[in-house]
1. When we measure straight from the Cα of LYS165, which aspartates and glutamates land under 15 angstrom away, once same-chain ones fewer than 8 places off are left out?
2. Could you tell me which residue out of GLY143, ALA209, ILE259 lies farthest along the dipole of region 80-333 toward its positive end? Charges go on the beta carbon: Lys and Arg +1, Asp and Glu -1, centred on the Cα centre.
3. With n ≥ 4 as the cut-off for DSSP H runs, can you work out [θ] at 222 nm for the chain, using -39500 (n - 2.57) per run divided by the number of residues, rounded to the nearest 500?
4. Carbon and sulfur atoms: what percent of the 1.4 Å accessible area of region 272-338 do they account for?
5. What's the center-to-center distance, using Cα atoms, between region 32-71 and region 370-448 in Å?
6. Where only protein heavy atoms count, and the probe is 1.4 Å, what is the accessible area per residue for the chain in Å²?
7. Quick one: ranking ASP41, ASP428 by accessible area, 1.4 Å probe, largest first, what do you get?
8. Step through the residues of region 319-332 one at a time and calculate ³J(HN,Hα) from phi using the Karplus curve (6.51 cos²θ - 1.76 cosθ + 1.60, θ = phi - 60°), rounding each to whole Hz and writing x for Gly and Pro.
Amino acid sequence: MSLSYHNPQRTARSAALYPKACEVIPAGVNSTARARFSGWDPYPLFIDHGTGAHLFDVDGNRYVDYLLGLGPMLLGHRPPGVTAAVVRAIQERGTVFALPTEDEARLAHLIIDSIPSVEQVRLCNTGTEAVIYALRLARTFTGRQKIIRFEGMYHGFADGVYWSKHPDLREAGPDDRPVPVPQGPGIPACIGEQLIILPWNDVGALRAAIEREGDNIAAVLTEAVMCNTGCILPEPGYLEAMRELTAARGILLIFDEVITGFRLHLAGAQGRYNIRPDLSVFAKGLGGGFPVAALGGRKDIMSLAADGTVSIAGTYTANTIAVAAALAALEELRAPQMYQQLNTRCERLYSGLEQIFQDARMPAYVVGVGPVMQVWFAERAIRNYRDAIRHASHTRFRRWWEGMLNRGVLFHPHAFENLFVSFAHSDDDVAATLDAAKATVADMKAHG
Ligand SMILES: Cc1ncc(COP(=O)(O)O)c(C=O)c1O
């Protein structure tokens, strides 16, 4: 029997559920990244359940899961400690009070203890919200309007930042001075006037923009590792230069650690690379799979929310489910040796994959840091979004993705997403992944 994703025998129930869902839900899914046009073609897999590092689709197929819900399932699916804490919170306490609980301050202490740059913290529900508030604080604190953000990054879907994530290069201006491109219609054009879009990993472009417009720039908003155009690492000295150039002109440095926070290190990418931003946002690594985000940083900036100068609100913020989940997750993440063991397992996976590509003489390489990685099918190093557009092969990535999926290894079909390793992945999962990779690469070679 063919193992093709398209084989109705293998994914018959997903195939049947999809058109029915499309009748009542636009695109049949509840987020862009799950849509057919985002790569889940001809239909997304419909999932029945997950457990640990594995997902089971509605046809009973089992996958080693590197999608991890696009990041939140850092502790694996249904981590027992987090699940028990959430069930206890619901059954014994309730969910939303519109008044504070003692646990919120306990959680704030744990976050502050984990991340040296965070002196005070507010909870939010999603990364998108946390970014909105970070920018509002930055503009108020500095009295300036403009924000620098980088082509190829994603900071949530708010109108203020949903620009130049993956723009069409025909509209995006010159390489060293990109122009803002809204990520689709419906976003007011005037917002673009408040944005300066730059290529990432380019100290010269950043320096020039700051020299040109420094007095109008409130903040530089960046991930410390570019995780929304595959995985692109900061070049040596880049983050340090960013810190220096911003500090010299009174511009705030905001790290978007929605993906990297609590994942690359207990103290996030900033802990791994030893950089101290002024503000940071955290989300996917924080809640053990439950929706919770946090915005934190310097007390003199955060205190703008103390007297209501800057409003940070939300009916569901710090609900007991979110707080219980984050407390339980952080208690696990703070256990000794956690990250060391995870990194060792990831290294084994990444070097195993590299070896397979090398043995097959396939122009592909792995870029990974901690448990975030991607494979680039490219002949040369990718250092920013435009490199990825120009030099990475999506056709090869697609064949790689299908081959792996059909061998029971699941990740997102788009090369600009990531593979995420969880604390629940075992040595056996790594071995199964490498076996699948060997067979997939052999197949790709055999068929040209
Ligand atoms: C770096 C980054 N920032 C912000 C967001 C938005 O987070 P959320 O989906 O929780 O709103 C994402 C989501 O993928 C992200 O990757």
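1. GLU151, ASP175, GLU223, ASP256, ASP387, GLU417
2. GLY143
3. -11500 deg cm²/dmol
4. Details: 1300 of 2580 Å².
Of the solvent-accessible surface of region 272-338, carbon and sulfur hold 50 percent.
5. 15
6. On the way: 18660 Å² over 448 residues.
Result: 42 Å² of accessible area for each residue.
7. Correct descending sequence by accessible area is ASP428, ASP41.
8. Using θ = phi - 60°, the values come out as 5, 5, 5, 4, 5, 4, 5, 5, 4, 5, 5, 5, 4, 5 Hz.
The values are calculated or read from the model by the stated rules, or taken from the named source; none is laboratory data. This structure is a prediction, so every number in the text was calculated from the model and none was measured. Quick reminder, even Gly has a Cβ in these numbers, built from the backbone with ideal geometry, and neighbours come from all protein chains shown. Accessible surface areas use protein heavy atoms only, side chains included; no ligands, DNA or RNA. Shrake-Rupley method; radii C 1.70, N 1.55, O 1.52, S 1.80 Å.
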